[in-house]
1. Looking for something within 60 Å of the chain's Cα centre (by Cα) and among the hydrophobic types (A, V, I, L, M, F, W, C) - is there at least one such residue anywhere in the range A:33-53?
2. For B:SER129, all conditions in the list (1) surrounded by fewer than 17 Cβ atoms within 10 Å (Cβ to Cβ); (2) out of contact with any strand residue (DSSP E or B) (no Cβ under 8 Å at 6 or more places or on another chain); (3) assigned to a loop (DSSP other than H, G, I, E, B) hold save one; what is the number of the exception?
3. Being among the hydroxyl-bearing types (Ser, Thr, Tyr) and buried (at least 19 other Cβ atoms within 10 Å of the Cβ) is true for just one of A:SER30, A:SER42, A:SER66. Which residue is that?
4. Quick one: which residue in A:GLY417, A:GLY441 is under 53 Å from the mean Cα position of the chain (by Cα) and on the phi > 0 side of the Ramachandran plot?
5. Only residues that are within 15 Å of A:GLU229 (Cα to Cα) and touching a Ser or Thr at 6+ places or on another chain (Cβ under 8 Å): list them for the range A:173-204, please.
6. Quick one: is B:LYS152 crowded, with 21+ Cβ neighbours inside 10 Å, within 14 Å of chain A (Cβ to nearest Cβ) and free of Cβ contacts under 8 Å to residues at least 40 places away in the same chain?
7. Cβ-Cβ under 7 Å, sequence separation 6+ or interchain: first residue in the range A:184-206 and without any contact (Cβ under 8 Å) to a residue 12 or more places away in the chain, partner surrounded by fewer than 16 Cβ atoms within 10 Å (Cβ to Cβ). Which pairs?
8. If I ask for residues that are charged (D, E, K, R) and under 23 Å from A:ALA56 (Cα atoms), which ones from the range B:141-188 would you list?
Amino acid sequence: MFFKDIPIRRKLMRGIVLICGMVLLVTCISFFGYELYVFRKSTKEKLSTIGKIIAANSTAALAFDSHEDAKEILAALRTEPNIVSAALYDQNGKLFSWYPANRDIREFPEKPGTMQFRLSHNFLEGFQPVAQDKKQLGYLYLKSDLGGMYERFRVFGVVAAFVIILSFLLAWLLSKLLQKSISNPILALAETAKMISEQQDYSVRAVKLGQDELGSLTDAFNNMLTQIEQQNLKLHEFNQNLEMKVKERTIQLESVNKELEAFSYSISHDLRAPLRGIIGFTTILEEDYSSKLDDEARRITAVIRNNTLKMGHLIDDLLTFSRMGRQDIIKTIVHTDQMIEEIIREVVPENRMGKISWVLHPVPDVQGDINALRQVWINLISNAVKYSGNREQPKIEIGSVRERGQTVFFVKDNGVGFDEKYKDKLFRVFQRLHSADEFEGTGVGLAIVEKITSKHGGRVWAEGTLNKGAAFYFTLPDF
Amino acid sequence: MPVLKIIRSRLLHAVFISACMVLHLYAQPVVSREYQIKAVFIFNFTQFVDWPQTAFPDADAPLVIAVLGDNPFGSYLNETVAGEKINGHPVIVQYYNRTEEIQNCHILFIALSDPQKSEQVISGIKGKSILTIGDSPDFLKRGGMIKFFKRKNNIRFEINPAATKSASLTLSSKLLRVAEIFDPSKKS
């Protein structure tokens, strides 16, 4: 586990203990270094002092060649257990007397060296001149072991270890107490935040534990919560208003729409009555008075009848269109394949059936209003047949693809197609891209298709190029 | 510098030895090793004995070492003290053949064969701050201050503190420590 991942509580404690430890260690090391320095210095000084005393005492022994006296003087060093050996050299640098007396003289330096005490290995040794007044009489050699130093360091080490352990313990205990004042508010804050995000209750407030930075953090946090709460309230109110407004408008719209549909239905219905009269009387004219009419009158009568019939179709389509708007859809399982076959048989005239090459892919069954969907297929297939009628080899392809989780049905033909820029106009009522002379029709068929698919929760669109065919797609939601 | 000092002393030593050899070969009769040591000891006494201020007329007055009688040191004593100074006093050596010649000296080595005569000399300079040294066995009994003697082939000396005291000479305790102390009540 990395340091950044451990809980803040332990992070703080570790930090404090680590700092304490480092400080202690540095202190101990510096103190140890200082001790070492001081001890070396004081040992040197002490040895130098002893050396001076011995040297001063041994002048007469050297001056008057008294080995006994020299031996006696050196023997006084017994009282200094750290001094392991000492020796006197005469003026000419010859070994004169030594201590301890039983030590092999080969163990002593042959000749006096530098007049200075220095550390070598575990010993402090050096020479000191022996002089009476200013007269040089000989040299003193002293050698001291550092047993005293090691003894002192051992004691120091034990004390230092004890102090470090005690301090660590104290630091640990104190940090345990101190970290609470920092980590507790943070933990409380985190706990509150967690509770809020889990329960979505923005009325909860974090408890403030002090006036420090964490206290102001808690305040800021609580302020934020208050703001969120207020905004939530506003949003909620706003949403409710909106919903109510939408509902109102929808009701208004629906009633207007219903009125409009009722109006158009009644208009269409009422328009049919006079049309029937016109057709009836035109038929009477053609059948009963044909002999009395000349050719021009007969032609005009035929024109009247044709136009009247056309108008009848238009009114029928309009009626269908408005019926589609008014009627609720009743969903059942629709066997699409079967339906398409039936429709092809119904809508394609006998004489054209053989000319068209059909490509029928198997398509899935859907759930929807059977009559409405029949109308959709009728309109699309009859359009395809109609607009490919002037082709030498008309080709119509019907199928479906899965796209983005829904089924897309299509009807493609190689007919006259249309200009892409008008494709939005295709599905509007009475919008035609071709003249009625070229292709007969009322301009309502695709509008009906659009209405039905949208009522089913799907959508319809077209792709096409002028003179290169058109493709109509529509989707129905899966059941 | 200690090293320099050593080098210097060694150099001096070498010069001194060659000088000795030259003198030895051409000029002087043979000086026994015994007297060589005694000469050095005599010089060393100057460092462990304090004379009263009245013993010197002024601050750079010489400290005189005198030899009375037959000089057993040859030129060795001169060589030993050559160039030495004690508390600012240059050390010089004088040789007297007769008692009358004795002047203001500080150390008097009495090399008279006649003990009677020695005693006379000692009593003659009584009260003066002169350190008397001799090597006749009864030298101290006759009032002398320091007597050389031999022990196990070593030259040692005996001091008569009563005599030095009456001559207002202060002897270093260190000197006393390496010496035998003469006790007039004891028979030697």
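The values are calculated or read from the model by the stated rules, or taken from the named source; none is laboratory data. Quick caveat: nothing in here was measured; it's all calculated off a predicted structure. As a convention, Cβ positions derive from the backbone with ideal geometry for all residues, glycine included, and neighbour counts pool all protein chains shown.
1. Yes, because at least one residue in the range A:33-53 is within 60 Å of the chain's Cα centre (by Cα) and among the hydrophobic types (A, V, I, L, M, F, W, C).
2. Of the numbered conditions (1) surrounded by fewer than 17 Cβ atoms within 10 Å (Cβ to Cβ); (2) out of contact with any strand residue (DSSP E or B) (no Cβ under 8 Å at 6 or more places or on another chain); (3) assigned to a loop (DSSP other than H, G, I, E, B), the odd one out for B:SER129 is (1).
3. That would be A:SER66, the only listed residue that is among the hydroxyl-bearing types (Ser, Thr, Tyr) and buried (at least 19 other Cβ atoms within 10 Å of the Cβ).
4. A:GLY417
5. Hit for the range A:173-204 is A:VAL204, nothing else.
6. Details: crowded, with 21+ Cβ neighbours inside 10 Å: no; within 14 Å of chain A (Cβ to nearest Cβ): yes; free of Cβ contacts under 8 Å to residues at least 40 places away in the same chain: yes.
No; evaluated as a whole, the condition is false for this residue.
7. Cβ pairs passing all conditions: A:MET195/A:VAL204.
8. Hits for the range B:141-188 are B:ARG156, B:GLU158, B:LYS174, B:ARG177, B:GLU180.
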